[in-house]
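The values are calculated or read from the model by the stated rules, or taken from the named source; none is laboratory data. Note that the structure is predicted; figures quoted are calculated from it, not measured. We place every Cβ from the backbone using ideal geometry, glycine too, and count neighbours over all the protein chains shown. The accessibility values were calculated without ligands, DNA or RNA, using every heavy atom of the protein model including side chains. Shrake-Rupley method; radii C 1.70, N 1.55, O 1.52, S 1.80 Å.
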Amino acid sequence: METAYNPSAIESKWYAYWLERKLFESKVDDREPYTIVIPPPNVTGVLHMGHMLNNTIQDVLIRRARLQQKNACWVPGTDHASIATEAKVVARLKQQGIAKETLSREEFLKHAWDWTEEYGGVILAQLKRLGASCDWSRTTFTMDQHMYDSVIEVFIDLYEKGHIYRGYRMVNWDPEAKTTLSDEEVIYQEREGNLYYIQYAYTDGSGALTVATTRPETIFGDVAICVNPEDPRYSDKLGKTVFVPIVNREIPIISDTYVDAEFGTGCLKITPAHDQNDKAIGDKYNLEIIDALNSDATLNAHALHYEGLDRFEARPKIAEELQALGLLLKVEKHLNKVGTSERTGAVIEPRLLDQWFLKMEELVKPAIDAVLKNGEIKLHPSKFDNTYKHWLENIRDWNISRQLWWGQQIPAFYYDNTFVVAKSLEEALEKANERAAEQQSNKRYTAADLRQDEDVLDTWFSSWLWPISVFNGILEPDNKEINYYYPTSDLVTGPDILFFWVARMIISGYEYRKTYPFKNVYLTGLVRDKQGRKMSKSLGNSPDALGLIDTYGADAVRVGLLLSSAAGNDLLFDESLCQQGRNFANKIWNAFRLITSWEGAPIAQPEANKIGIEWFNSQFNSTLDFIEDQYAKYRISDALMALYKLIWDDYCSWLLELIKPAYQQPVDEATKKEAFELMERLLVLLHPFMPFLTEELWQQLDARPEGSSICVAHWPQSGPINQPLIGRFNHTQSLISALRTMRKEKHIKPKEILEIQTQKSDHLLVIPEVLSKLGFTSSIEIIESAGDNTLSVRVETTEYYIPFGTQINVEEEVEKLQKELTYQKGFLEIVNRKLTNKRFVDGAPDEVVAAERKKAADAQEKIQTIEITLSKLG
């Protein structure tokens with residue numbers, strides 16, 4: 001074996017081995033299923049740190065289930081990502097000198113499919129580098145035919161149930177993507193802007209009133225000025241009219257209690273085409289709607305000489321003109337909440353459009369109950385229950401139409417100012433003619449009379465069906481796969497899509513399967529840099545995910561990510577974590593090299609070895625119980641940390657040091673056999689976290705049948721735990737560590753044999769055989785009282801003495817101990833001052849007071865030990 005673990009030499013070898021033997025593939029059988037569906041990444045995406053964390057956790061869970069002999073099925077796939085993909089296709093066409101507007105829908109979709117086929121498999125191939133053990137034979141794309149058909153089927157079903165409707169509403173418009181967004185896709189950011197105080201002259205020449213606005217470019221859409229009816233400043237102005245600046249259009253002054261008399265000047269300009277609240281007032285008073293913006297957020301013909309200018313480019317120019325006209329009274333700095341697109345970052349424009357909506361009020365009820373009332377679904381960590389509750393209890397109808405071509409085209413067909421909803425043009429034609437017949441019309445429609453809606457459905461409207469549609473449960477609701485694999489077991493995703501995706505999957509699950517889609521939702525945190533900043537290209541703080549794998553190996557990166565990634569808490573990523581993972585891999589590699597280098601011989605097993613192996617078995621079982629509990633609580637990082645300590649500290653640093661034979665000497669067969677068996681159990685426990693390393697070592701540990709793999713080995717079972725032995729071994733470890741520290745401080749040779757004395761009859765807390773071998777001591781002597789020229793160490797409440805003869809400089813030792821004694825007494829005095837302060841004792845939390853009392857007790861023990869040692873030093 002190489003002296004250090006070289007991941008590049010083995011990772012591709014074992015991944016190819018796993019794929020060749022179809023170890024990740026799942027078929028319906030009699031075993032208990034364990035199912036995970038991958039949160040489908042964008043088809044245009046490449047692997048980043050968030051993907052690495054999320055998919056590592058999924059792989060840990062699925063590999064563990066496989067080891068538990070469950071029928072583990074991890075379904076991979078990608079999302080067509082309407083907005084993101086269409087934007088990339090449009091950008092590439094632009095580079096080729098082609099405008100989307102010059103193409104037919106069919107021509108554009110051909111370009112989109114070409115792009116998808118070129119880039120669509122990149123992220124899935126990258127996941128293989130990470131070690132993801134997905135059933136790749138099940139790879140699904142949300143635009144696959146059965147997935148597409150499932151979405152259309154659901155749209156038609158919900159429409160026929162009365163849940164989907166078409167309405168003329170104020171929607172969120174992304175002028176960059178040129179599509180509507182749902183409320184949940186709008187991210188509000190605080191930005192500093194200006195508040196412009198603009199004068200509107202009364203048409204009767206009696207002066208002007210002042211209106212404060214953050215958006216002077218929308219004055220071209222003004223249709224009224226509104227004041228509060230209780231505002232005495234304007235009671236005599238009601239019924240008057242004013243001129244809209246620049247446009248010089250006459251508009252009325254109206255009143256409504258909606259207006260806040262305290263904000264700005266107490267006057268609100270009403271622009272129904274550009275503000276949700278203005279639209280409500282406009283509807284109430286039957287006001288005209290004037291839309292001054294184009295779909296790309298440039299000003300249109302209503303803006304006169306500003307036509308064609310971008311809204312933000314026009315704003316300062318309009319302010320300049322108002323200033324020149326003497327109509328700009330003043331400009332103030334103003335902090336404002338601005339809605340931005342979650343996809344493109346563009347500032348959202350409110351816009352009035354005919355759109356399709358899904359009523360949510362009734363559909364959402366089972367999803368609320370599942371998480372918040374009957375506990376059918378658990379969120380981990382549970383702190384997200386409140387977020388989930390707030391979102392679902394304040395849900396609004398879902399705008400499900402998007403002004404794009406890439407996606408599932410809405411199955412609505414228009415004719416004669418009406419429409420029908422149907423799966424195909426043929427079916428739509430049949431429905432249109434049936435309706436005509438019912439209305440006793442002689443008209444018979446042809447295909448040329450019908451026009452399908454140009455819009456596509458929101459991407460989330462396809463992915464909300466993901467756990468059902470990947471098993472074809474919409475089109476074939478009673479097929480054997482959906483009945484076996486659904487509900488799925490666990491979902492691993494980010495809290496940022498708890499509403500976008502998770503809640504909606506729960507809603508669709510109860511609507512179409514009458515049950516939950518998964519039992520547990522593990523919500524990962526965001527991966528941030530070590531300064532706590534969100535990783536981004538602009539900050540240059542997002543490492544190349546594949547570059548990390550190239551440098552450290554996939555196993556090391558997986559361990560590095562998980563070691564500091566508690567569920568729901570952000571991970572502060574530092575590349576040194578990957579180095580820590582690589583060091584761990586090398587530690588295991590070298591432990592394996594050590595035990596496989598031993599030559600076994602038919603000799604008696606030393607008592608120290610027997611004790612050490614019995615101790616480690618108990619420690620293993622105790623740790624395994626803890627790990628199982630952490631898995632049950634979805635504390636994956638804590639499970640890894642416990643295993644890390646078991647391997648690095650207990651197995652490598654203590655057990656192997658205890659049982660290894662003397663240099664160039666053989667080891668007894670029993671010890672070698674048990675060391676190998678323990679290594680195998682550790683490798684299986686570690687396999688979900690470090691699949692490549694564990695496969696390599698497992699294969700070399702024993703002669704394996706052809707085609708075998710650690711992937712399908714058996715998860716270890718816990719056994720008896722000798723708690724008294726663990727306690728005695730821990731005590732012995734503490735004494736050995738104390739002796740090692742003392743040797744270093746007193747410059748005593750590491751392997752010089754020391755005598756150990758104790759006054760207590762409970763010296764049996766120490767295991768003599770272990771102490772002798774690892775502590776380099778002679779047997780323990782029981783004494784009546786400590787003699788002169790002795791050093792002492794305390795372990796818990798037991799004092800141990802070490803005669804030192806002439807090895808120690810007494811004067812130096814006394815001086816050092818006096819300094820330590822002075823420090824400990826001063827420290828004890830400070831702590832006692834706190835503990836005698838009634839206000840502190842009565843007011844501080846119990847655990848804080850308890851901690852201070854423990855500090856006092858520990859200091860008192862140290863003082864006592866130092867004073868005893870000083871007395872022995874004369």
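Figures for the structure shown
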read-out	value
Total residues in the stretch 655-669, condition part of a helix (DSSP H, G or I) and in contact with a Leu (Cβ under 8 Å, 6 or more places away or on another chain)	4
Among residues of the stretch 257-303, those that are touching a residue at least 40 places away in the same chain (Cβ under 8 Å), over 20 Å from TYR200 (Cβ atoms) and either assigned to a helix (DSSP H, G or I) or open to solvent by less than 50 Å² (accessible area, probe 1.4 Å) (or both), counted	6
Scope the stretch 3-29; condition hydrophobic (A, V, I, L, M, F, W, C), open to solvent by 50 Å² or more (accessible area, probe 1.4 Å) and over 23 Å from ALA125 (Cα atoms); matching residues	VAL28
Condition broken by LYS333, with the remaining ones in (1) open to solvent by 40 Å² or more (accessible area, probe 1.4 Å); (2) modelled with pLDDT of 95 or more satisfied	(2)
Of all residues making up the stretch 80-93, the number that are touching a strand residue (DSSP E or B) at 6+ places or on another chain (Cβ under 8 Å), open to solvent by 10 Å² or more (accessible area, probe 1.4 Å) and at pLDDT 90 or above	0
Criterion (loosely packed, with under 15 Cβ neighbours inside 10 Å, farther than 30 Å from TRP18 by Cα and of a type in the set (Phe, Trp, Tyr)) met by exactly one of TYR159, TYR168, TYR148	TYR168
Exclusive hit being more than 30 Å from CYS711 (Cβ to Cβ) and crowded, with 17+ Cβ neighbours inside 10 Å, set TRP136, TRP173	TRP173
Cross-chain or 6+ apart pairs with Cβ under 7 Å, the stretch 828-855 first and without any contact (Cβ under 8 Å) to a residue 40 or more places away in the chain, then of a type in the set (Asp, Glu) and assigned to a helix (DSSP H, G or I)	VAL831/GLU852; LYS834/GLU852; LEU835/GLU852
Among (1) surrounded by 13 or more Cβ atoms within 10 Å (Cβ to Cβ); (2) within 25 Å of the chain's Cα centre (by Cα); (3) among the charged types (D, E, K, R); (4) closer than 30 Å to ILE187 by Cα - the single one GLU376 does not satisfy	(4)
Whichever residue in the stretch 390-445 is surrounded by fewer than 20 Cβ atoms within 10 Å (Cβ to Cβ) and on the phi > 0 side of the Ramachandran plot and, among such residues, is modelled with the highest pLDDT	ASP416
From THR741, THR694, residue being open to solvent by less than 50 Å² (accessible area, probe 1.4 Å), part of a helix (DSSP H, G or I) and of a type in the set (Ser, Thr, Tyr)	THR694
Unmet criterion (only one of (1) in contact with a helix residue (DSSP H, G or I) (Cβ under 9 Å, 6 or more places away or on another chain); (2) open to solvent by 50 Å² or more (accessible area, probe 1.4 Å); (3) modelled with pLDDT of 80 or more) for TYR801	(2)
Verdict on ASP478 being under 42 Å from the mean Cα position of the chain (by Cα) and not in a loop (DSSP other than H, G, I, E, B)	no
Hits in the stretch 243-257 (condition: hydrophobic (A, V, I, L, M, F, W, C) and within 18 Å of LEU328 (Cα to Cα))	PHE243, VAL244, ILE246, VAL247
Residues that are more than 22 Å from SER82 (Cα to Cα) and of a type outside the set (Asp, Glu), drawn from the stretch 473-484	GLY473, LEU475, PRO477, ASN479, LYS480, ILE482, ASN483, TYR484
Which listed residue, of GLU117, GLU107, is more than 26 Å from LYS22 (Cα to Cα) and among the acidic types (Asp, Glu)	GLU107
Single residue of the stretch 311-320 satisfying the filter (surrounded by 16 or more Cβ atoms within 10 Å (Cβ to Cβ) and of a type outside the set (A, V, I, L, M, F, W, C)) that is nearest to THR213 (Cα to Cα)	ARG315
Candidate set from the stretch 581-605 (those that are open to solvent by 60 Å² or more (accessible area, probe 1.4 Å) and not charged (D, E, K, R)); member that is nearest to the chain's Cα centre (by Cα)	ASN583
Residue in the stretch 670-687 that is outside any helix (DSSP H, G or I) and among the hydroxyl-bearing types (Ser, Thr, Tyr) present	no
Sole residue being under 20 Å from LYS773 (Cβ atoms) and out of contact with any helix residue (DSSP H, G or I) (no Cβ under 9 Å at 6 or more places or on another chain), chosen from LYS749, LYS744	LYS744
Per-region count, the stretch 620-652, residues part of a helix (DSSP H, G or I), in contact with a helix residue (DSSP H, G or I) (Cβ under 9 Å, 6 or more places away or on another chain) and charged (D, E, K, R)	5
The stretch 305-324 residues that are over 19 Å from GLN199 (Cβ atoms), paired with ones that are hydroxyl-bearing (Ser, Thr, Tyr) and assigned to a helix (DSSP H, G or I) (beta carbon under 7 Å, 6 or more apart)	ALA314/TYR306
Yes/no for LEU352 being open to solvent by less than 30 Å² (accessible area, probe 1.4 Å) and either part of a strand (DSSP E or B) or modelled with pLDDT under 95 (or both)	yes
Some residue of the stretch 462-473 being open to solvent by less than 20 Å² (accessible area, probe 1.4 Å), among the aromatic types (Phe, Trp, Tyr) and assigned to a loop (DSSP other than H, G, I, E, B)	yes
Flag for SER137 being closer than 23 Å to GLU11 by Cα, of a type in the set (S, T, N, Q), touching a residue at least 12 places away in the same chain (Cβ under 8 Å) and assigned to a loop (DSSP other than H, G, I, E, B)	no
Residue in the stretch 30-50 that is without any contact (Cβ under 8 Å) to a residue 24 or more places away in the chain and open to solvent by 10 Å² or more (accessible area, probe 1.4 Å) present	yes
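Yes/no per residue for (1) open to solvent by 10 Å² or more (accessible area, probe 1.4 Å); (2) at pLDDT below 85; (3) touching a Cys at 6+ places or on another chain (Cβ under 9 Å):
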site	(1), (2), (3)
PRO495	yes, no, no
LYS519	yes, no, no
LEU539	yes, yes, no
THR551	yes, no, yes
ASP555	no, no, no
GLY560	no, no, yes
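Every residue, every condition in (1) touching a residue at least 40 places away in the same chain (Cβ under 8 Å); (2) more than 27 Å from SER26 (Cβ to Cβ), yes or no:
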| position | (1), (2) |
| --- | --- |
| ARG435 | no, yes |
| ASP449 | no, yes |
| ASP453 | yes, yes |
| TYR484 | yes, no |
| PHE499 | yes, yes |
| ALA503 | yes, yes |
| TYR510 | yes, no |
| TYR516 | yes, no |
| LEU539 | no, yes |
